Structures are given as C-alpha cells and as structure tokens.
Amino acid sequence: MPDNGKSAGEDPGRPGRPARKVSERLALAGLVVTVLGVIVAVFAWLFPVGQQATPAPTTSSDPTVTVPAVTSPDAPQDGSPATTRVEYLSALPAHAGTTNLTELPRELRDTAGFDRAIMIKCPSNQSIDKVSKVTYQLLGRFDTFQATVRPYFESQPDARMHVEVLVGERTRDGRLAWAVGGGQYEATAEEPKPLDAVVEGMQELEIQVRCQLPDGVAILVDAALYE
C-alpha cells in the first residue's frame with residue numbers, strides 16, 4: 001500500500017485536536033465579549049453620562065445648625081450674596097420738620113405692627129399751617145421708598161387724609177429741584193394703602209401730610225428706603 005503521508009485511522013475531513021481547541025477558545029472569547037457588551041449597554045442606560053443626582057436641601061430643627069441655601073439663578077455669579085439694604089425712617093434722624101413727628105396714639109400702642117412706623121401729626125389747618133412736612137436726607141444712596149399709610153383721627157375715624165412724597169434732586173447750581181414722587185389719597189383707618197416713590201439719585205425726601213381734621217395722625221407703617 002503506498003504511503004500518502006497520513007497515519008492510519010486519521011480522518012482527513014476532520015480537524016485535529018489542536019485545531020479544535022483553538023476553535024473552542026475563540027467561541028468562548030466571543031461569548032465573553034458579547035456578555036460584556038450587554039453589561040456596558042445596561043449600565044449606560046441606567047446611568048447616563050453627564051447626569052448627576054442633585055441632593056435635596058436639608059432642614060434641621062437645631063437652630064445652631066447652618067443649612068446652605070439654594071442659590072437663585074438670578075444671584076450674582078461672583079459669589080457675593082444677593083441682598084437689598086433697607087433703612088427704616090424710624091431709625092433715621094429727620095433733616096427738617098422734627099417737631100411734626102409725634103408718638104403713636106394711645107389707642108394703638110398695644111396693637112402689633114407699628115414697631116417701625118413713623119407718625120406725623122396733622123396740621124392745625126389755620127391759614128399758615130395747612131401742611132405738615134418732614135424731610136430726610138438721601139444723598140443719592142437709595143432707589144425706592146415704600147410705606148403703608150394708616151390714617152388716625154380721634155373725633156372722626158373716616159376723615160380724609162392726603163400724604164405725598166416729594167423728592168429733591170440737586171441741580172448744577174447747587175439748588176434742589178423738587179417734584180412729587182408719589183402720593184396716597186384714599187387710605188383710611190379701616191383700609192390702609194401703600195405709598196411708593198422712586199428716589200434713585202435724589203438728595204432729599206420730604207413727606208407732606210394734609211388732613212380734613214386737625215386732630216389726626218398720619219401713621220406710615222414700615223416706612224423704609226431701599227438701596
């Protein structure tokens with residue numbers, strides 16, 4: 001029998017043992033790669049890139065604990081707090097008209113809400129005393145003035161009262177040019193009403209009070225200047 005280079009019993013149509021081992025290893029490696037790909041895909045679906053959980057603000061019942069506040073999108077980006085400075089007229093000295101300031105009426109002294117109010121007495125309504133004025137210096141430091149007008153009359157609670165705010169702007173020659181910045185003409189004891197004025201760049205603010213009866217007091221609740 002001629003020798004054809006193959007040993008007896010070896011099937012020429014089947015790969016040898018080394019070839020089978022290589023094929024099995026390749027199949028196993030392919031399976032591992034497939035499983036890893038599935039795991040990566042599931043992880044990416046559960047935890048998208050760039051999306052992070054935002055911790056909710058915490059609260060504490062301990063008054064000594066300081067909890068960081070949530071930053072407003074309108075807050076300054078340089079890290080400084082967004083604050084508005086407030087000056088209450090009750091804490092500022094009047095520049096003129098101090099004698100027209102008075103105390104809170106006795107009937108209201110036990111009533112809450114008048115801690116930062118200023119009281120301007122009504123004029124006598126005589127020929128030379130038709131208006132009560134109180135002036136405060138601003139020196140261009142403030143932007144707005146706000147208060148709530150609450151009239152008080154001893155003899156006739158529903159008597160009328162007019163309260164105006166005049167603002168004085170310094171002119172080039174050093175004088176003050178006055179203009180009406182705001183007024184409240186409808187407030188009553190039963191229905192107090194707001195009084196607002198723009199005072200940006202102004203040097204002085206003057207509050208003028210006119211009354212139907214002379215026994216009244218103009219109560220300006222929370223009268224304040226805002227920077």
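The values are calculated or read from the model by the stated rules, or taken from the named source; none is laboratory data. Keep in mind it's a predicted model, so treat the numbers as computed, not measured. Quick reminder, even Gly has a Cβ in these numbers, built from the backbone with ideal geometry, and neighbours come from all protein chains shown. Heavy atoms of the whole protein, side chains included, go into the accessibility calculation; ligands, DNA and RNA do not. Shrake-Rupley method; radii C 1.70, N 1.55, O 1.52, S 1.80 Å.
Using a 1.4 angstrom probe with every protein chain in place, what is the largest-first accessible-area order of V86, V149, V180?
Per-residue accessible area, sorted high to low, gives V180, V86, V149.
Which of the peptides 95-106, 198-209 is most tightly packed, and how do the rest follow, judged by the mean count of other Cβ atoms within 10 Å per residue?
Result, highest mean Cβ count within 10 Å first: 198-209, 95-106.
So what does log10 I(q)/I(0) come out to for the stretch 163-205 at q = 0.18, 0.27 Å⁻¹, using the Debye formula with one equal point on every Cα and no solvent?
-0.56, -0.88
For S127, S90, write out the residues from largest to smallest accessible area, computed with a 1.4 angstrom probe and no ligands counted.
Output order, biggest surface exposure first: S127, S90.
How much net charge surrounds P105 when only the other residues with a Cβ under 14 Å from the Cβ of P105 are counted, with Lys and Arg +1 and Asp and Glu -1?
Residues close to P105 contribute a combined charge of -1.
Percent of Cα-Cα pairs more than 24 Å apart in the stretch 108-227, please.
28
Report the percentage of all Cα-Cα pairs in the stretch 91-172 whose separation exceeds 23 Å, rounded to a whole percent.
Of all Cα-Cα distances in the stretch 91-172, 30 percent exceed 23 Å.
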